[in-house]
Amino acid sequence: MSRNNSRRDQSRSRNSNSNSRGPKSSNGNSRPSGRKPFKRKEQDNDSKYVTKTKANVAGGDNNVRLNRFLANSGICSRREADDLIAAGLVEVNGKVVQEMGYKVASRDKVRFNGSEIRREAKVYYVLNKPKGFITTTNDPKARKTVMDLMAQTGPERIYPVGRLDRQTTGVLLFTNDGDFAKRLTHPSHGARKVYDVTLDKNLDLKDFHAIAEGLELNDGPIKVDDIAFVEGKDRNHVGVVLHSGRNRIVRRIFEHLGYTVTKLDRSVFAGITKKNLRRGQWRKLNPKEVNTLMMH
């Protein structure tokens, strides 16, 4: 063998040995291939605040984001949960959590404002609301609220989806699903609503067309999806379809034109009706109805 061939073989041997040592770091120094990557040191266990835990790093099928946990527990919507977390109002296993995206496992104990909360099964109800009840979860004046009518639904902490004013009757939904409630009431989505309206006098045709074409109210323009006289009834009885969820919007549309709404009933909300429900009665939505709502 020639001297040149011998030198080439020695060079190949050195290169092979060098590559077997593993990849080099950015400063040119090689590190063993079995070395674990750098991991940030966890905070002191005595700290009141927590950022990441092994469970959060590892993830897991049973882990859910903290904001979703709060929404599923009926506390609020997921977006509102982020504000509560950022404000330091939520604790996990005795430590305040302010990290967006933090995940909790089924064994974790979560507290909001000092009270422990638990993950609840999602439930959905429809009530045929009667007159004289306020759509709120509590009233400082001790007036009758819709929650008085829903007292026997079960252990879940439900609340109304949107509002009906005190004198308005008809379809009102309840749930403990914060994200669902937010989606149905958010202005950008706007669930379809059908109202039966009774006026103090017959609706003039020019006002009928004005409503159909759209009006300018003090808080901005409003246009209904449809308006029609109710067949077989006087012209003071009309049906209105719209998506807007603005406060007292149906009453204000007619008041703007000089009419008083003497009776207002919501017959449909997001495809859900009050069929077979007497005033003050409620029922649980069936899976098909829930799926229909989820598509809104």
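The values are calculated or read from the model by the stated rules, or taken from the named source; none is laboratory data. Keep in mind the model is a prediction, meaning the values are calculated, not measured. A quick note on method: Cβ atoms are made from the backbone with ideal geometry, for glycine too, and the neighbour counts reach across all protein chains shown. With ligands, DNA and RNA removed, areas are computed over all heavy atoms of the protein, side chains included. Shrake-Rupley method; radii C 1.70, N 1.55, O 1.52, S 1.80 Å.
Annotations for the structure displayed:
- Gyration tensor (alpha-carbon) shape descriptor, the range 64-116, a/c threshold 1.5: rounded
- FRET efficiency, 1/(1 + (r/R0)^6) with R0 51 Å, evaluated for Thr262 and Arg79 via beta carbons: 0.85
- Remark: relative contact order (the range 64-116) = 34 percent; criterion is Cα-Cα distance under 8 angstrom and separation of 6 or more residues.
- Stretching the chain fully between His186 and Gln167 yields a gain of 4.5 nm (0.36 nm per residue, less the alpha carbon separation).
- Added length on full extension, which subtracts the Cα-Cα distance from 0.36 nm per residue, Ala210 to Asp108: 31.0 nm
- Whole-percent carbon and sulfur share, accessible surface of the range 64-116, 1.4 Å: 39
- Spacing of the two label points (7 Å from each Cα toward its C-beta) at Arg248 and Lys122, in nm: 3.4
- The range 192-269, accessible area per residue, ligands and nucleic acids excluded (1.4 Å, Å²): 52
- Applying a threshold of 31 Å to the alpha-carbon distances of Lys122/Lys193; Lys95/Lys284; Lys206/Lys275; Lys103/Lys129; Lys201/Lys274; Lys263/Lys284 flags Lys95/Lys284; Lys206/Lys275; Lys103/Lys129 as lying beyond it.
- Here the range 160-285 exposes an accessible surface that is 48 percent carbon and sulfur, computed with a 1.4 Å probe and the other protein chains kept in place.
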